[in-house]
Structures are given as structure tokens and as C-alpha cells.
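Asker: Before we start, here is the structure in question, set down as C-alpha cells.
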Amino acid sequence: MSEISSFSREVSMPGCDCGDEAAERITMNPFTHRRTGLALITVVCASLSASLLGAVPASASPSDAPAIVQRAEHALGLQDDDVTDAVRVLDPGTVETIPASADAPAVPVVVNPDNRPGASYTADTLADDSIRFAAVFSSRTASTASWKLAEGSELDALPDGRVSVGDADGNLLAGIEAPWAVDATGQRVPTHYTVSGTTLTQHLNYTPNTVFPVVADPKITSFPGYWTVKFTRSESITVTSTVAACAAFFSKSPVPALKALTIGCAVFAAYGTPQLANGKCLSVHILGAPPVFATWWPTWPKC
């Protein structure tokens with residue numbers, strides 16, 4: 001393990017005619033590398049077998065939910081559980097919290113905040129900073145599951161299926177991985193997230209061949225350390241205007257971490273412009289040690 005101290009650095013952008021705004025301020029939260037990027041990778045099997053899930057009654061009760069979730073995880077080849085605790089069943093309104101660390105606040109999550117019927121909810125602590133939440137559906141009568149994050153959180157649904165969780169100051173509180181859902185035969189069920197205020201909702205689109213029970217999953221992770229690239233108003237507009245403009249902007253940077261962010265240009269251009277309303281700017285939070293990083297998450301603080 002290696003310790004990385006915090007620092008800040010001003011970087012001029014040659015060729016960017018932004019006046020006094022022609023710089024990004026790059027900062028890094030202090031943290032200790034506790035994992036390699038491999039811990040952030042979810043292994044997904046290309047084909048799912050009904051035999052892996054086993055025979056499960058369609059009218060599964062809440063007490064059956066942990067076993068059903070574990071079979072689904074096994075069928076998907078998930079290998080990200082570093083904690084030897086049991087999957088636990090949660091009542092509506094239960095608060096599950098990713099605990100605070102020296103460099104990250106606690107992330108409380110309310111399960112099924114509206115007490116909607118039709119699904120059993122579970123949680124499984126994967127690591128000190130990560131919980132896999134799941135909803136188990138026993139029939140077609142319900143096709144959505146919801147979780148509510150803390151008041152003041154700002155949820156940002158990304159085009160790649162992930163959801164970024166920040167605060168009003170642009171700090172990154174947590175990241176929610178792209179969702180998955182799988183039925184009792186191991187077949188994928190189309191699914192996606194929507195956000196409304198601080199509530200995350202996962203939607204499932206059943207097909208005529210969907211076999212119940214169905215497991216749907218959001219994985220929520222807090223980040224005790226990351227690098228942050230803060231963009232000025234004019235830079236934010238450039239980066240979110242078009243893919244070409246974004247790529248040209250980053251290609252001029254002498255900083256490898258910024259050049260590497262060209263991989264995010266399609267995402268920035270696809271949805272960034274509406275995010276700039278109300279005087280907001282773009283911040284990008286990078287996990288890992290630039291120029292090599294595992295993933296990135298955007299937030300939209302006031303400029």
C-alpha cells in the first residue's frame with residue numbers, strides 16, 4: 001500500500017482562449033490506496049445458466065430473498081464481496097449506511113422509502129465503502145424498486161447507466177454502478193435507473209419469457225479519495241458542447257490525466273449542456289493515480 005499526500009496544481013491550457021479562466025485546478029483528496037483497480041471491476045459472465053440459479057419458487061417469500069440474491073450473484077460471476085457477512089432482508093424505511101471514513105462522509109440509504117409492495121429488499125456489505133442493495137420481485141405486479149439517499153445529495157444519471165452522487169459543492173459522495181437484473185433462469189432482464197430529487201428508482205422491463213423471481217441490483221460505493229479536475233464556466237461549456245470540441249480541449253493539456261479524460265467526451269457531450277443550467281460548472285473526479293485511473297465520476301457544482 002502507498003500513501004499519497006494531497007496537493008494542488010495550476011495547469012495552463014495552451015490554445016484555449018479563455019482569458020483568466022484558461023486553467024483547471026486539479027486537486028486530490030488525501031487517501032491510502034487500499035485496492036487496485038481490479039477491485040472496481042465487476043466480472044460478468046457472457047452466458048447465464050439456469051442450473052446456476054437453481055430451482056426457485058415464483059412465489060418466493062422475503063425469507064427466501066438472500067438465497068435468491070446469492071444465486072443471481074453466482075450466475076453473474078460476481079466476485080466483489082470482501083466481507084463474510086450474510087445478505088440481510090430489510091423492511092421498508094430501513095436505513096442502511098455506508099460508514100464514514102477519515103476522508104469520506106457516511107452515505108445513508110433508505111430502502112423502499114414509499115413502502116411499495118411487490119418486492120423484497122436486501123443489502124450485502126461488500127467492503128467498508130460498498131453495499132450491494134437488491135430487490136427480489138416474485139411477479140409482474142411490480143416492476144420498480146426505490147432507494148432514497150440523504151437530503152442535500154445531488155443524483156446525476158449518466159448515459160452509461162451509472163449514477164453519480166454529489167453534494168451542492170461538487171464533492172463526490174458516492175457512485176452507483178450501472179444496474180443489472182436477472183430472472184430465475186439466469187436470463188438478463190432489461191433495466192435502467194431514473195432519479196428524482198434524492199430518490200433512485202430502478203425500472204425493469206419484463207419480457208413474455210421472464211421467469212420469476214427476478215433480482216435487481218444497485219451497488220453503491222463511497223470514495224474516500226480521488227483526484228478532482230474543476231472546470232471554469234467557459235471550459236465547462238467547451239467540454240460539453242461537442243465530442244470534437246471536448247477532445248480538442250483535452251488534447252492540448254500537458255497533463256496526462258486530462259488527456260486521458262477524452263474517453264469521457266461522448267458522455268459529456270451527450271448530456272452535459274442541461275447540467276450547466278443555473279450557473280453550474282463541471283467537476284470530474286478520478287479514481288486511481290493519474291495517468292492511470294480506474295473510473296471517473298462527474299458532479300456539477302455552482303461556478
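Asker: For the stretch 69-147, build the convex hull from the C-alpha positions and give me its volume per residue in Å³.
Answerer: 100
Asker: Mind giving me the nanometre distance, one decimal, between the label points for ALA157 and ASP128, set 7 Å out from Cα along Cα→Cβ?
Answerer: 3.4
Asker: Between beta-carbons, use under 10 Å as the cut-off and find the net charge around PRO99, counting Lys and Arg +1, Asp and Glu -1.
Answerer: Residues near PRO99 contribute -2 overall.
Asker: If you don't mind, another one. Can you work out the Karplus-derived ³J(HN,Hα) for every residue in the stretch 152-168? Use 6.51 cos²θ - 1.76 cosθ + 1.60 with θ = phi - 60°, whole Hz, and x for glycine or proline.
Answerer: Working through the residues one at a time gives x, 6, 10, 9, 10, 6, 8, x, 8, x, 6, 10, 8, 10, x, 10, 5 Hz.
Asker: Then there's this: List the lysines whose alpha-carbon lies under 28 Å from that of LYS252, not counting same-chain residues fewer than 8 positions away?
Answerer: Answer for LYS252, where 28 Å is the Cα cut-off: LYS230, LYS280, LYS302, listed by chain and number.
Asker: Another question about this same structure. What is the extension gain from ALA106 to ASP85, computed as 0.36 nm multiplied by their sequence separation minus the C-alpha to C-alpha distance, in nm to one decimal?
Answerer: Extra length from ALA106 to ASP85 when fully extended: 5.6 nm.
Asker: Right, something else. Report the gain in length on full extension from LYS302 to ASP114: 0.36 nm times residue separation, minus Cα-Cα distance, nm rounded to one decimal.
Answerer: Contour length minus Cα-Cα distance gives 64.6 nm.
Asker: Starting with the highest mean, order 109-116, 160-167 by the number of other Cβ atoms within 10 Å, averaged over the residues of each peptide.
Answerer: 160-167, 109-116
Asker: Here's another thing I want to ask about it. Take the Cα of ARG188, step 7 Å along the line toward its Cβ, and report every residue of the stretch 206-236 whose backbone nitrogen sits under 20 Å from that point.
Answerer: Correct set: 206-220.
Asker: Next question. Please check which bits of the stretch 101-115 a label hung off ALA142 would reach, taking the label as a point 7 Å along Cα-to-C-beta and the cut-off as backbone N under 19 Å.
Answerer: The answer is 109-115.
Asker: Another question, if that's okay. Of THR232, ALA157, LEU173, which is farthest towards the positive pole of the stretch 106-236's charge dipole, taken about the Cα centre with +1 and -1 on the beta-carbons of Lys, Arg and Asp, Glu respectively?
Answerer: ALA157
Asker: I'd like to compare 186-196, 65-75: which one has the highest average count of other Cβ atoms within 10 Å, and what's the full order after that?
Answerer: The peptides rank, most packed first, as 65-75, 186-196.
No value in this document is a laboratory result; all are computed from the given coordinates. Every value quoted in this text rests on a predicted model; they were computed, and no experiment measured them. FYI the Cβ positions are ideal-geometry reconstructions off the backbone, even for glycines, and counts take in every protein chain you see.
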